[in-house]
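Where a number appears in this text, it was derived from the coordinates with a stated rule and is not lab data. Quick caveat: nothing in here was measured; it's all calculated off a predicted structure. With ideal geometry, Cβ positions are generated from the backbone for all residues, glycine too; neighbour counts draw on all protein chains shown.
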Amino acid sequence: MSRATIRRASLDAIVAHAEREFPHECCGFIIGNDSSEEVRPIANIQDRKHAEDPAAFPRDARTAFLMEPKEHLAVLNEIDRRQLALRIVYHSHPDHEAYFSETDRAQACSFDPSEPDYPDTAYVVLSIRAARFVRAAAFVWDPTAREFVESPLEVE
């Protein structure tokens, strides 16, 4: 099982992103390698999808996120082109705890419900209450338990 590490500057950047987007969920990636780490915020289009088709998208951006597909793909292409790793997928829970929900698990296992799309990637959830950061929790894939488990988030 991998551990979750994040650089202080990256944590500060994602906290600022989450506080700015409050009361909506924010989302994004942290990419990098052993010597660098970069935050890539992605637009949350959940409100737009909810407005277009509330039956198919019953939740709005206060309780869900959907990454803008072109931005999402651009970051994945950048990772391949620059030979980096997808280190962290992050999102916020406005006025809720930092936990890994069933929806979070389903999104992390979008191709196969029994396997994560990115088994070596940590997932960080930020609890933001009244537009202020409360706590960040990290979740990593445990191949033995075949589940995401909370892991200490080590700040470097």
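A Cβ distance below 6 Å, combined with a sequence gap of six or more or placement on separate chains, defines the contacts here; from the range 97-118, residues that are more than 26 Å from residue 132 (Cβ to Cβ) reach residues that are loosely packed, with under 12 Cβ neighbours inside 10 Å in the pairs 117/110; 117/111.
Looking only at residues that are within 11 Å of the chain's Cα centre (by Cα) and not hydrophobic (A, V, I, L, M, F, W, C) in the range 106-126, which one is surrounded by the most Cβ atoms within 10 Å (Cβ to Cβ)? This residue is 123.
In the range 26-74, how many residues are outside any loop (DSSP other than H, G, I, E, B), of a type in the set (A, V, I, L, M, F, W, C) and farther than 24 Å from residue 136 by Cβ?
Pass one, the range 26-74, residues outside any loop (DSSP other than H, G, I, E, B): 27-32, 37-42, 44, 46-52, 67, 69-74.
So of that shortlist, the ones also of a type in the set (A, V, I, L, M, F, W, C) come out as 27, 29-31, 39, 42, 51, 67, 73-74.
Remaining after also requiring farther than 24 Å from residue 136 by Cβ: 51, 73-74.
Total satisfying the criteria: 3.
Of all the residues in the range 85-105, those that are under 22 Å from residue 155 (Cβ atoms), under 14 Å from the mean Cα position of the chain (by Cα), surrounded by 14 or more Cβ atoms within 10 Å (Cβ to Cβ) and not charged (D, E, K, R) number 9.
Tell me, please, whether a residue that is of a type in the set (A, V, I, L, M, F, W, C), in a loop (DSSP other than H, G, I, E, B) and either within 14 Å of the chain's Cα centre (by Cα) or buried (at least 21 other Cβ atoms within 10 Å of the Cβ) (or both) can be found in the range 8-25. Spell out how you get there, then give the answer.
Initial filter on the range 8-25 (of a type in the set (A, V, I, L, M, F, W, C)): 9, 11, 13-16, 18, 22.
Going one step further and asking which of them are in a loop (DSSP other than H, G, I, E, B), we end up with 22.
Subsequent filtering for residues that are either within 14 Å of the chain's Cα centre (by Cα) or buried (at least 21 other Cβ atoms within 10 Å of the Cβ) (or both) retains none.
No - not one qualifying residue is present in the range 8-25.
Filtered by the rule that a residue be over 26 Å from residue 121 (Cα atoms), surrounded by fewer than 14 Cβ atoms within 10 Å (Cβ to Cβ) and not charged (D, E, K, R), the range 43-84 gives 51, 54, 55, 56, 58.
Suppose we keep only residues that are over 14 Å from the mean Cα position of the chain (by Cα) and in contact (Cβ under 8 Å) with a residue 60 or more places away in the chain within the range 131-140. Which one would you say is nearest to residue 37 (Cα to Cα)? Restricting to residues being over 14 Å from the mean Cα position of the chain (by Cα) and in contact (Cβ under 8 Å) with a residue 60 or more places away in the chain, the top hit is 133.
I'd like to check something: does the range 71-82 contain any residue that is among the acidic types (Asp, Glu) and without any contact (Cβ under 8 Å) to a residue 12 or more places away in the chain? Yes, the range 71-82 has at least one match. Every residue in the range 3-52 that is among the aliphatic types (A, V, I, L, M) and free of Cβ contacts under 8 Å to residues at least 60 places away in the same chain, please. Once the filter is applied, which keeps residues that are among the aliphatic types (A, V, I, L, M) and free of Cβ contacts under 8 Å to residues at least 60 places away in the same chain, the range 3-52 yields 9, 13, 16, 31, 39, 42, 43, 45, 51.
One residue stands out in the range 127-147 among those that are touching an Asp or Glu at 6+ places or on another chain (Cβ under 9 Å) and aliphatic (A, V, I, L, M): the one that is surrounded by the fewest Cβ atoms within 10 Å (Cβ to Cβ), namely 130.
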